[in-house]
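Each remark here refers to the structure printed beneath this line.
The values are calculated or read from the model by the stated rules, or taken from the named source; none is laboratory data. All values reported here derive from a predicted model rather than from experimental measurement. Here the Cβ is made from the backbone with ideal geometry for all residues, glycine too, and neighbour counts use every protein chain on show.
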Amino acid sequence: MMIPITFRKLRTALAIVGCAALGIAAAAPAPLVFTVHQGRFLNAFLRQGPVAGDLVLRSGPDPRIVVAFPAGDSGVGVWFAPTPQWASWHLLGHPRPVHAHDWRGRPLYGLSAVVELTGDRAVQVHRAVLSSIRVLRDFNSRGKLPPAIVTAPRVQGQRLAWARQRLDGAVSYRLSLRVLQGHLRGTRIVADRRGVIRLRVTGLTGERPLTPLSGRQLLRHPHRGSAAARDTLTFLAYRQKLLAGSWRFDTYFGRDTLMSVRLLMPALTAQAIDDALGSVLARLSPHGQVAHEELIGEEAVLENLKHGVRSARPSYTYLMIDENYMLAPDAAAWLLSPRGRARAAAYLAAPVGGPLHRRITRGAALVKNLQFVLESASAFARRPEVAHLIGLKPGMSAGDWRDSNTGLGGGHFPYDVNAALVPAALEAAARLGASGLLTPYLSPSERTLLSRAARMAAVWREKAPPLFDVTVAHAQAVRDIKTYAASQGILPGPALAALGPGEVHFHALALTLPGRPVPVMQSDEGYRMLFGHPDPRSLDRIAALIRPFPAGLLTGAGMLVANPVFCGPKLQAMFTRHAYQGTVVWSWQQALFAAGLARQLERGNLPPAVRAHLRQAQRRLWRVIEATRALQNTELWSWRYSAGRYHVRPFGSSSSDATEADAAQLWSTVYLAVRPPSASVRNAAAR
């Protein structure tokens, strides 16, 4: 269970008590301070002035402390050796900002907090890591560390300290543990007679702070919606970029930015939208592809050293395919809206900025992306067959948001990209072209290409989705549900009762390279509803997904993102409740599906029966969303089943889980704009 606690009106006096001895700066009024307790992870967030940090305490048989900083996507952390008993962390008070200088007089910013560890008599330091967050993530998952950044501790009385310069010597990092209760014996910390270890943890980074977005700079109505969602979004929002999540993704990710902006658009200020879309345009490849991730700070140094250059110059990855088709729908939704249109011409004429395109305008950068979209989609528009769909890039096993190695079940052509995002991008390109906003930036050949966008979109919308069709005979579906339910320890009755008498129809998660469907039921129909205009029969089939698992995706813990009930054992083994994109719940996917349902229900041409089915799916979905509100701002969660009920289980709480979940995730804050259709839904959930 996650319990968010927000402290928004701390008195300045409280924030500066005892700070002088630690070098803690005088606090600005009302710092952003909140905690999230999720399973065995306790996150304490602080943002105040130039300081922004996330203190992450991991309890259990493998205790750990991490301090993650948005500045430079940097972090410091210490891993302890396994303990014979469960060790539990407790936070005493709130983290406080620290301003200091390194040995060369360069500024350092970070936080300090007092923590307690109980449950074991002693802990042994295994390794401390001070570097890029990606380096910390890799060490956490694989235990490997670049030899050049290995840092030995210094023992000074009751204090353990680590300090090092970034590999290019430009900035430095610090971490210290001061034993306040207990005893330090070398790198072993021993509890006092009561079995308590109390530490002051201080983490600092020399990376350049980001410029915060907050309050009325960020949200049109800064006091509406969930306080926990507002705090999470505020911690992740900066003028330079929106961060994907903390602690593991404290930097720019293209997909996360674009999806979040699209769903949050009604709630965001014009400045926030302009900045976020600008961050994407500034990172486009020369050919108009959207950057998936940026390598900055020491991760950039490590990457550049592979080429013999000792530099922190950022670089960008362009390995994913879905985000290339998300920019155009976002740009059209904003620039052609009443709020956006009023500032669109000036916005497009401004320099794009960033290290890649300083000399071109935003309008010219957007045209580069539209040209890429149209050229990559043209082969299928001419000959709509499987071979001309958009597939994964050579050598890649992932390409969309299901970017784990098994997230597509071995598929090559993802459903969401081909059935929803490509046609949406083509339609957006047609609208932008017709608006005249891009006329100053179009060459004659680009203008000709853009004139074909609407016809191409029609071909993709009509011809791509049927290629993913899966049909299961009723008798076979019954057998599969019974067998799979037994393997999961689930009672099959509710699923069988909701199955109905006919065949089961759904769209495959992906197609293999030869064109065979990967018959995993999936939640990406939310994209199609949000961006497209499915016919009534398709909408009926989409609504049927919101029926009890394993006949559909719905559980008492939320809507699952995948269901392998109609697959063989090999695929079922890939999609478990321990897999990152398995039979688990992603908060933003629920929001996407809910937003898509709301959009389709606005249509005036739906048959009454289809509208009724969509309404029923909407009510069912919002009931489980409301039932798990405490988890909404986190990345994902799993479940267990007992006594005929589903129970939420934080992802990462089991050693079998593929990884751990972020306590603060950007696209999980979209419920600030994606709202239930009426208060009656919330009342029904309460009953």
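Restricting attention to segment 267-294, the residues being in a strand (DSSP E or B) and without any contact (Cβ under 8 Å) to a residue 40 or more places away in the chain number 0. The set of residues from segment 459-515 being part of a loop (DSSP other than H, G, I, E, B) and more than 21 Å from R547 (Cα to Cα) comprises A464, T512, L513, P514, G515.
For H99, the test of being more than 19 Å from A161 (Cβ to Cβ) and assigned to a strand (DSSP E or B) is failed. If you check T211, T205 for being crowded, with 20+ Cβ neighbours inside 10 Å and within 27 Å of G105 (Cβ to Cβ), only one passes: T205.
So which of Q600, Q589 is part of a helix (DSSP H, G or I) and either assigned by TED's automatic domain parsing to the domain that holds D416 or out of contact with any Gly (no Cβ under 8 Å at 6 or more places or on another chain) (or both)?
Q600
Looking at V352, is it assigned to a strand (DSSP E or B), under 19 Å from G254 (Cβ atoms) and touching a residue at least 12 places away in the same chain (Cβ under 8 Å)? The answer is yes for V352.
Listed here are the residues, each with its yes/no results for (1) closer than 30 Å to N304 by Cα; (2) of a type in the set (A, V, I, L, M, F, W, C); (3) buried (at least 17 other Cβ atoms within 10 Å of the Cβ).
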site	(1), (2), (3)
V123	no, yes, yes
D138	yes, no, yes
Q158	no, no, no
A163	yes, yes, yes
R174	yes, no, yes
H183	no, no, no
T187	no, no, yes
R194	no, no, no
V201	no, yes, yes
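With the requirement that a residue be of a type in the set (D, E) and within 26 Å of D138 (Cα to Cα), what does segment 238-286 give you? Within segment 238-286, D250, D256 meet the criteria.
Selection of segment 369-382 for residues being buried (at least 21 other Cβ atoms within 10 Å of the Cβ) and under 29 Å from the mean Cα position of the chain (by Cα) yields N369, L370, F372, V373, L374, A377. Which residues, taken from segment 406-418, are within 17 Å of R255 (Cβ to Cβ) and out of contact with any Lys or Arg (no Cβ under 6 Å at 6 or more places or on another chain)? Within segment 406-418, G407, P414, Y415, D416, V417, N418 qualify. Among the residues of segment 317-349, the ones that are of a type in the set (A, V, I, L, M) and part of a loop (DSSP other than H, G, I, E, B) come to 5 in all.
Restricting segment 404-453 to residues that are among the hydrophobic types (A, V, I, L, M, F, W, C) and over 22 Å from H287 (Cα atoms) leaves a set whose member that is surrounded by the fewest Cβ atoms within 10 Å (Cβ to Cβ) is A434.
Return the residue satisfying two criteria in turn: it lies in segment 607-624 and is among the hydrophobic types (A, V, I, L, M, F, W, C) and surrounded by fewer than 17 Cβ atoms within 10 Å (Cβ to Cβ), and of such residues it is nearest to the chain's Cα centre (by Cα).
Only one residue tops the list, namely A612.
When G72, G105, G110 are checked against the criterion of being of a type outside the set (K, R), farther than 19 Å from S653 by Cβ, in a loop (DSSP other than H, G, I, E, B) and modelled with pLDDT of 95 or more, G105 stands alone in meeting it.
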